1. Can you spot a residue in segment 231-246 that is among the small types (Gly, Ala, Ser), within 16 Å of ligand 1 (Cβ to nearest atom) and either open to solvent by 10 Å² or more (accessible area, probe 1.4 Å) or touching a residue at least 40 places away in the same chain (Cβ under 8 Å) (or both)?
2. Tell me yes or no: at least one residue of segment 380-390 is surrounded by 15 or more Cβ atoms within 10 Å (Cβ to Cβ), charged (D, E, K, R) and either over 29 Å from Cys113 (Cβ atoms) or not assigned by the TED database to the domain that holds Asp235 (or both).
3. I'd like to know if segment 166-187 contains one or more residues that are at pLDDT below 95, more than 16 Å from ligand 1 (Cβ to nearest atom) and acidic (Asp, Glu).
4. With (1) touching a Phe, Trp or Tyr at 6+ places or on another chain (Cβ under 8 Å); (2) surrounded by fewer than 16 Cβ atoms within 10 Å (Cβ to Cβ); (3) free of Cβ contacts under 8 Å to residues at least 40 places away in the same chain as the list, and Asp277 as the residue in question, which single condition is left unmet?
5. If we scan segment 314-324, do we find a residue that is in a helix (DSSP H, G or I) and in contact with a strand residue (DSSP E or B) (Cβ under 9 Å, 6 or more places away or on another chain)?
6. Taking interchain pairs and intrachain pairs at least six residues apart, which have beta carbon atoms under 8 angstrom, with the first residue in segment 148-174 and in contact (Cβ under 8 Å) with a residue 40 or more places away in the chain and the second acidic (Asp, Glu) and in a loop (DSSP other than H, G, I, E, B)?
7. Report the residue count in segment 299-356 for those that are within 16 Å of ligand 2 (Cβ to nearest atom), of a type in the set (A, V, I, L, M) and open to solvent by 10 Å² or more (accessible area, probe 1.4 Å).
8. Here are some conditions: (1) farther than 21 Å from Arg279 by Cα; (2) of a type in the set (Phe, Trp, Tyr); (3) touching a strand residue (DSSP E or B) at 6+ places or on another chain (Cβ under 7 Å). Tyr420 meets all but one. Which one does it not meet?
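The values are calculated or read from the model by the stated rules, or taken from the named source; none is laboratory data. Predicted model, so just to flag it, every value in this text is computed and none were measured. In this analysis, Cβ positions are derived from the backbone assuming ideal geometry, glycine residues included, and neighbour counts consider all displayed protein chains. These accessible areas exclude ligands, DNA and RNA; they are computed on the full protein's heavy atoms, side chains included. Shrake-Rupley method; radii C 1.70, N 1.55, O 1.52, S 1.80 Å.
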Amino acid sequence: MDNIIQDIDILDRNSREATDTVITSKEENTGKAKKLYIESYGCQMNFADSEIVSSIMKDNGYDTTSEFEQADVIFLNTCSIREKAEQTVRKRLSDFNKIKKRKPELTIGVLGCMAERLKDKLLEEEKLVDVVVGPDAYRDLPSLVGSAEEGLKAINTLLSREETYADISPVRLNSNGVNAFISIMRGCDNMCSFCVVPFTRGRERSRDPHSIVREAQDLFDQGYREVTLLGQNVDSYKWSPEENNKAWLEKKEKQGEAETIINFANLIEMVAQVSPDLRVRFSTSHPKDITNEVLHTMKKYENICKYIHLPAQSGNSRVLELMNRTYTREWYINRVDAIREILGEECGISSDMIAGFCSETEEEHQDTLSLMDYVKFDFSYMFFYSERPGTLAAKKLNDDVPLEVKKRRLQEIIDKQRQYSFERNKLDLNKVHKVLVEGTSKRSEEHLSGRNSANKVVIFPKKNFKKGDYVNVFVDDCTTATLLGNPVD
Ligand code: SAM
Ligand code: SF4
């Protein structure tokens, strides 16, 4: 039984971010004339964007459907982060060929990072695609779909310096009614050499904090009990009434022209004050930007979850420099030490790791493994390096680590992570954990599944508890991915 729970929960946890996850729209009938089917690939930001897209389309006469055969419009919200992610989308498009032949009036749109990266090339290469729209042009979707309905191919891949969709209330897709994502910023100003995001999502902009707090309050009033604040680099969140573009704001700041500035520590405090019963999470933290101020704010509020996703990517300073991560191994270790000092051993820390980056030697790979020995991550998303066209690494570095070496190194990283996930879970035994119930366990109708503050999945007997309840659970058993226990008073 343990093995089955373990496998299911590994899937559950990966599905929060892994690029092979697909989220599809749910059935909603509010009497609108037309139906939209939307499938989203990639990161949480993409899933949050699909909720914005659904909201824009809803205001323009579309209900969502969970069956693509019923749709008037099909959107694929895509990911470009690794080559495999793009291949998955191309394969999915070929699945839609048959239905498009049967129903030529159907509009098919490609949205998101792949649309932004390939632009009109996508229209040339994928003949069935009618509409190509980048992440900053979603307000234009109704008119682009209108053009497609008149038989014209339509494209808008303009990136914006200001767009944050702050005024749009997302339509929650596939939500369990307990957890919701809130986008707090868009784009990324870092130029990690392996990464396509700065090219597909544009410059960094922070969303008006008052609109973020309003969204969190609305969610709480609707019964949600956890929000995850999303951005590519949340710790660099910076907003002022005068300016939301980070580069321009920093210029004004230097010239003394920006009076009130809200940083990330201020923002999480504002959201935490919505209610002590609303849990606040965030992702992703960049090691170069996470401050002690943020860690102290996390400590001050019980409802800010003690869990930090802090991608290291590599444990070797030379490789980190080639990756243009702008920190060293020592800096990373210093940030982990600060987390342990301020928030204690219980704070969950997870990472992203890339195996086999350009010119990585065997010793440098060993440094990644030894960093994992030092930190003992609770969890990691692990990948082998995939060269992406247009990135700094593709232009300047040689992708010279053979595929079989990349895969072997990745396997060593995965094996080590498995060992530490289990070790970290064992530290949670014989303690009481406050668990927010997310639903019935997939393994058994008689059990509930939820998470503790450190983001660990906890499974326990249902009794009279229900989704959205906070339950104190005494944990007495664990697998590599799950804690198991019983409710206590
Ligand atoms: N902004 C986040 C950060 O800096 O940590 C990460 C964003 S990215 C969508 C998610 C992860 O994908 C990265 O942390 C990295 O590990 C991985 N990734 C990005 N580009 C990659 C590439 N070209 N090959 C392999 N993995 C890649
Ligand atoms: Fe990509 Fe680096 Fe920005 Fe993350 S911080 S989105 S890895 S460029």
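1. Within segment 231-246, one or more residues are among the small types (Gly, Ala, Ser), within 16 Å of ligand 1 (Cβ to nearest atom) and either open to solvent by 10 Å² or more (accessible area, probe 1.4 Å) or touching a residue at least 40 places away in the same chain (Cβ under 8 Å) (or both).
2. no
3. yes
4. (3)
5. yes
6. Ala148/Asp130; Glu149/Glu105; Leu159/Asp136; Ser160/Asp136; Glu163/Asp136; Thr164/Asp208; Ala166/Asp208; Val171/Glu28
7. Matching residues across segment 299-356 total 2.
8. (3)
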